Amino acid sequence: MKPINLLVILFTFVLNSAFAANVGFEQFSLEDDASRPLNVSIWYPTFQTSPKTVIAENPAFVGTEVIKAATLDARKAPVVLLSHGYRGSWRNLNWLATKLAIRGYVVAATDHPGTTTFDQSPSQAAQWWQRPRDISRLLSFLLADSKWSQALDTDNISAIGHSLGGWTVMQLAGVEIDRNELKKQCQLIFNPRTCGLAKELGLDKVQPKEPATTSLKDTRIKRVVSLDLGLARGFSVPSMTEILIPTLILAAGIDIGDLPQAMESGYLAEHLPLSTRHYKVYEQATHFSFMQRCKAGATDLLEQEYKGDGIICKDGFGTQREALHADMLADILWFLE
């Protein structure tokens, strides 16, 4: 064997190894649709070692270490697409993205216009179909762009979403919304946190420019993970029973008030085929336990900024979010791999 071939084999082995040395990170705006530009964040494996910087850190929340604009050291890397919750952002699942990237995944997220922390536009929020389309647009970009496409395993693409992001990725799996079902369910048991969002998210009546079909399935996505989703009772029951791709449903056992998992994640699990779905409840987790870790004193700080927001940093009594994250990561990796 020629030495050059041996080097190529060794280099390929390194690129495909389970762990990278560090995590690269890039952000940019996707402008292919001028009416709805998307702010994109991408985490990826790199063997570059410096310069390191901390992202998604502020006085309340813990960030992670990355290397901005680092070399992309991956070949046939599995892809994970992230969707944040209602009025959240890419920062909320930054902890998970970083953990996955150092294990060899290319992870991409977009902030959904109209339902993000810094962009709360009623007209955009009411376009309920745009959230799943945002993820599909992001995936199309990754697969077409020469820099990213050469590093990706196009047969190994997953989507993970928290809260309204879970609702988003389930639509990518093929579940469809059903306004009549949502209305019926909310008449039976009214839930302010979910039923109260129907109008804001355009689920109370047909919206201008709404697509003719409620199907937003993206067949390029091979599996999905829902993290304590909301609005499950607004899904079409027949469409849930027909989901064939593997689905992992992770739920919070502690109700933060008007968001019992039995009527959300449990309802979804009840209707998905047993052969393709996995379902787990973290008894000591709250809805916000899936988000980034909080610093000491963050609860009081958030309460001072906006009354009621302190709940974001509360987990089950006697547990720590870091430990919950370790369990969540282990379950997600088991499912993805």
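The values are calculated or read from the model by the stated rules, or taken from the named source; none is laboratory data. Source: prediction; values computed, not measured. Cβ sites come from the backbone with ideal geometry, for glycine too, and all protein chains shown count toward neighbours.
Kindly indicate the residue of the range 57-81 that is touching a Phe, Trp or Tyr at 6+ places or on another chain (Cβ under 7 Å) and of a type outside the set (Val, Ile, Thr) and also nearest to LYS295 (Cα to Cα) among those meeting that condition. Once the filter is applied, the top-ranked residue is LYS68.
Residue by residue, here is whether (1) of a type in the set (D, E, K, R); (2) assigned to a helix (DSSP H, G or I); (3) buried (at least 21 other Cβ atoms within 10 Å of the Cβ) holds:
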{"position": "ASP153", "(1), (2), (3)": "yes, no, no"}
{"position": "ASN180", "(1), (2), (3)": "no, yes, no"}
{"position": "LEU201", "(1), (2), (3)": "no, no, yes"}
{"position": "VAL206", "(1), (2), (3)": "no, no, no"}
{"position": "ALA212", "(1), (2), (3)": "no, no, no"}
{"position": "LEU229", "(1), (2), (3)": "no, no, yes"}
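Only one entry in ILE177, ILE157, ILE189 is in contact with a strand residue (DSSP E or B) (Cβ under 6 Å, 6 or more places away or on another chain) and of a type in the set (A, V, I, L, M, F, W, C), namely ILE157. Within the range 102-123, being outside any loop (DSSP other than H, G, I, E, B) and exposed (fewer than 15 other Cβ atoms within 10 Å of the Cβ) holds for PRO122, SER123.
Taking residues in the range 238-259 that are under 30 Å from ILE311 (Cα atoms) and among the polar types (S, T, N, Q), and partners anywhere that are in a helix (DSSP H, G or I) and modelled with pLDDT of 95 or more, the pairs with Cβ atoms closer than 8 Å and at least 6 places apart or on different chains are THR247/MET170; THR247/ALA173. Consider ASP145 carefully, then state whether it is of a type in the set (D, E, K, R), under 30 Å from ALA20 (Cα atoms) and surrounded by 18 or more Cβ atoms within 10 Å (Cβ to Cβ). Taking the combined requirement at face value, the residue does not satisfy it. Exactly one residue out of ILE160, ILE102 is in contact with a Pro (Cβ under 8 Å, 6 or more places away or on another chain) and not small (Gly, Ala, Ser), and it is ILE102.
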